[in-house]
Amino acid sequence: MGQTQGQRKTFYVTTPIYYPSDKLHIGNAYCTVATDTIARYKRLRGYDVRFLTGTDEHGAKIEKVAREKGMSPKEYVDIIVEGILDLWRLMDISNDQFIRTTDSYHEEAVQRIFARLHDQGDIYKGEYEGWYCVPCESFWTKTQLTEDGMCPDCARGVEVTKEESYFFRLSKYRDKLVKHIEDNPGFIQPESRRNEMLNNFLKPGLEDLSVSRVSIDWGIRVPFDARHVIYVWVDALTNYATQLGFGVGEAAGAGELGAAEAYRKYWPADIHVVGKEIVRFHTIIWPAILLALGEPLPKCVFGHGWLTHEGQKMSKSRGNVVDPESLVAAFGVDAIRYFLLRDVTFGMDGDFSLKALVGRVNADLANDLGNLLSRTVAMAEKYFGGALPEEREAEAVDAELAELVGSLCGRVEESMDRLQFGNALAEIWRAISRTNKYIDETMPWVLARDSAKKARLATVLFNLLESLRIYAILVQPFITRAPVSIYEQIGLEPSELPGAWDSAKSWGAYPAGAKVAPGAIMFPRADYEKMAEAFRVPDAAGGAVDASGAGGAVDASGAGDASGADGAVDASGAGGAGA
Ligand code: MSP
């Protein structure tokens, strides 16, 4: 992974840049939380991480929405982007950078890149005749449309377009792309997406891609032909490089692409995390542009699945769009992050339901982890005034716990290195359950009645506190508040958490003299009936509901469509990359 800078390896990870056409929903948040988890994990493992997210602000869709609201596109996106920044703060997203494609450094860099591709003959002028889907910002040919003439991605109407256009010689790069994908099995993940790209898009052949529009205004102008606006996907995809300084600033002269230090240090990206419906843009168009520029390709594009709501695709018209802000307000950020990472297998589709969320919160968080913490610190406080005496007396049952928890970090790393967040969490919770069982087996309250058992009691509590220390360290990539809360309550210094990862590999490091400090309940239990009332859960038939209002517990009224593609779509079966 990454290059070596001194001793620290770099790791560059990105989310897609979101369309600020409306408030973001839980599906978008899922994508960002998953990426955040990777970034946090790599930091904890000592990597020099750069985590980029941002907003994709140009294009016909934004132009149209802003016009409907009576605002200029920039006025409109400025408001939405503020809300997105707030949402990421609320969800403890640890991005190092945030790019807006309206940032002037990006706009200039895109123009330089476009001009260079034109100068070297990879972009040429022609005429585009075909269909355009505004919500997906995708070009389609007639054969690619559905039988009733709709967009194959989102099933909505398409516009007939016939206009002068610049084209990118995508076809020229097909063979190189196929070879790259075949030679690098890790490039497109999961494997099913890789096969889909090869079989459905690349093998049938690629046509050149229309990369400019004269019929829209809101976008980056073609530098040598100002009637044309650069195709929004070309503008958007290059963000991953321009934000590192590629094509920006101190460029030596016209047509030259300056490569800033950050670009040299972090490029190529280690992982672009994207939703499954935009894998084709990231594994065909983006790599082809990079090949044309003679730049290295990202090491991995990971296509995650889609989140439905109670089994239904989320869309504004159904009124079932789930607003992450209200969820965080009701359940806390850890609960939402935990649910998304635990319940949805990364790479597969998943479902959000209030019932499943409440179930996870109560069973895994409140019961398993929360009770383990509160019982342990309460006993340490009650029996020893908070600090354990030094005498120990081990028994056979201790060894099994020490072995399971002491080796846990290795298993978590194994799962995380494969991006299997759910498995990593399942391993941690298996150990947490075992620790709770250890309490039942050792019955500290019985030991406490016999002063001759003091050393044994101290040993049991030590093992519990030590387990909690390790859990606090290992849950850090996933949930952000509990590690601090656990550390505080077991008497350790939370500021040591970021550097503590490797210490989870050695059982027994809970320090002598630490004093527990019982605190607030970490995860209050959630009441499903009350939450269902507050969130106005859709009826069993999945009928449309008013998810707005409801005591402010959830307000999906202003939330956007589930995506540009309005609902869960499978890009398979969709046609070529465009033009
Ligand atoms: N702007 C483009 C991406 C450009 S990247 C160079 C875009 N934006 S989007 O806002 O429509 O979608 C952003 C991400 O949110 C995509 O990865 C998409 O898959 C994800 N999701 C949108 N709805 C989703 C669900 N219901 N579930 C999970 N992720 C979903 O596409």
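The values are calculated or read from the model by the stated rules, or taken from the named source; none is laboratory data. Since we're looking at a predicted model, the values are computed, not measured. Cβ: placed from backbone, ideal geometry, glycine included. Neighbour counts: every protein chain shown.
Residues satisfying the criterion are present in the range 37-54 (criterion: crowded, with 22+ Cβ neighbours inside 10 Å, within 14 Å of the ligand (Cβ to nearest atom), among the small types (Gly, Ala, Ser) and modelled with pLDDT of 95 or more).
Figure legend. Inter-residue proximity from the range 27-39: first residues over 11 Å from Asp92 (Cβ atoms) and of a type outside the set (Ser, Thr, Tyr), second residues modelled with pLDDT under 95 and within 14 Å of the ligand (Cβ to nearest atom), beta-carbon distance below 7 Å, spacing 6+ or different chains. Indicated pairs: Gly27/Met314; Gly27/Ala562; Gly27/Ser563.
Within the range 277-296, the set of residues being surrounded by fewer than 22 Cβ atoms within 10 Å (Cβ to Cβ), of a type in the set (A, V, I, L, M) and touching a Pro at 6+ places or on another chain (Cβ under 9 Å) comprises just one member, Leu290. Among the conditions (1) out of contact with any Cys (no Cβ under 8 Å at 6 or more places or on another chain); (2) surrounded by 20 or more Cβ atoms within 10 Å (Cβ to Cβ), Cys136 misses just one, which is (1). If the condition is being among the polar types (S, T, N, Q), assigned to a loop (DSSP other than H, G, I, E, B) and closer than 26 Å to Asn184 by Cα, then the range 194-242 contributes only Thr238. Only residues that are touching a Phe, Trp or Tyr at 6+ places or on another chain (Cβ under 8 Å) and of a type in the set (Asp, Glu) were counted across the range 81-114, and they come to 1. Against the conditions (1) in contact (Cβ under 8 Å) with a residue 24 or more places away in the chain; (2) touching a helix residue (DSSP H, G or I) at 6+ places or on another chain (Cβ under 9 Å), Ala455 satisfies every one except (2). Looking across the range 273-288, the residues that are under 19 Å from Leu202 (Cβ atoms) and either within 8 Å of the ligand (Cβ to nearest atom) or β-branched (Val, Ile, Thr) (or both) come down to Val274, Lys276, Glu277, Ile278, Val279, Phe281, His282, Thr283, Ile284, Ile285, Trp286.
One residue stands out in the range 324-381 among those that are buried (at least 24 other Cβ atoms within 10 Å of the Cβ) and in contact with a Pro (Cβ under 8 Å, 6 or more places away or on another chain): the one that is nearest to Glu529 (Cα to Cα), namely Ile336. Which of the residues that make up the range 289-311 are away from the ligand (no atom under 12 Å from the Cβ) and assigned to a loop (DSSP other than H, G, I, E, B)? Passing the criteria: Gly294, Glu295, Pro296, Leu297, Lys299, Cys300, Glu310, Gly311.
Out of all the residues in the range 401-419, which are in contact with a Phe, Trp or Tyr (Cβ under 7 Å, 6 or more places away or on another chain), over 13 Å from Arg45 (Cβ atoms) and surrounded by 18 or more Cβ atoms within 10 Å (Cβ to Cβ)? Correct list: Leu401, Val405, Gly406, Leu419.
When the range 169-204 is filtered for residues that are surrounded by fewer than 20 Cβ atoms within 10 Å (Cβ to Cβ) and hydroxyl-bearing (Ser, Thr, Tyr), the ones remaining, listed by number, are Ser171, Ser192.
Yes/no per residue for (1) in contact with a strand residue (DSSP E or B) (Cβ under 7 Å, 6 or more places away or on another chain); (2) in contact (Cβ under 8 Å) with a residue 40 or more places away in the chain; (3) outside any loop (DSSP other than H, G, I, E, B):
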position	(1), (2), (3)
Ser467	no, yes, yes
Pro483	no, no, yes
Ile486	no, yes, yes
Leu497	no, no, yes
Pro511	no, no, no
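Here's the yes/no breakdown for (1) touching a residue at least 60 places away in the same chain (Cβ under 8 Å); (2) within 16 Å of the ligand (Cβ to nearest atom); (3) assigned to a helix (DSSP H, G or I):
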residue: Val110; (1), (2), (3): yes, yes, yes
residue: Gly121; (1), (2), (3): no, no, no
residue: Trp131; (1), (2), (3): no, no, no
residue: Pro135; (1), (2), (3): yes, yes, no
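Out of everything in the range 55-64 that is of a type in the set (Asp, Glu) and more than 17 Å from His272 (Cα to Cα), what residue ends up being nearest to the ligand (Cβ to nearest atom)?
The qualifying residue nearest to the ligand (Cβ to nearest atom) is Glu57.
Which of the residues spanning the range 11-35 are more than 7 Å from the ligand (Cβ to nearest atom), in contact with a Lys or Arg (Cβ under 8 Å, 6 or more places away or on another chain) and not small (Gly, Ala, Ser)? Of everything in the range 11-35, those that are more than 7 Å from the ligand (Cβ to nearest atom), in contact with a Lys or Arg (Cβ under 8 Å, 6 or more places away or on another chain) and not small (Gly, Ala, Ser) turn out to be Phe11, Tyr12, Val13, Asp22, Val33.
Across the range 144-162, the number of residues qualifying as surrounded by 15 or more Cβ atoms within 10 Å (Cβ to Cβ) and assigned to a strand (DSSP E or B) comes to 1.
Within the range 345-383, being touching a helix residue (DSSP H, G or I) at 6+ places or on another chain (Cβ under 7 Å) and over 20 Å from Pro483 (Cβ atoms) holds for Thr345, Phe346, Gly350, Phe352, Leu354, Lys355, Ala356, Leu357, Val358, Met379, Tyr383.
Per-residue answers, yes or no, for (1) farther than 30 Å from Pro524 by Cβ; (2) touching a Leu at 6+ places or on another chain (Cβ under 7 Å):
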| position | (1), (2) |
| --- | --- |
| Trp286 | yes, yes |
| Gly303 | yes, no |
| Ser315 | yes, no |
| Gly319 | no, no |
| Asp323 | no, no |
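The residues in the range 513-536 that are touching a residue at least 40 places away in the same chain (Cβ under 8 Å) and not in a loop (DSSP other than H, G, I, E, B) can be counted, and the count is 6. In the set Arg89, Arg43, which member is of a type in the set (D, E, K, R) and touching a strand residue (DSSP E or B) at 6+ places or on another chain (Cβ under 7 Å)? From the options Arg89, Arg43, the qualifying one is Arg43.
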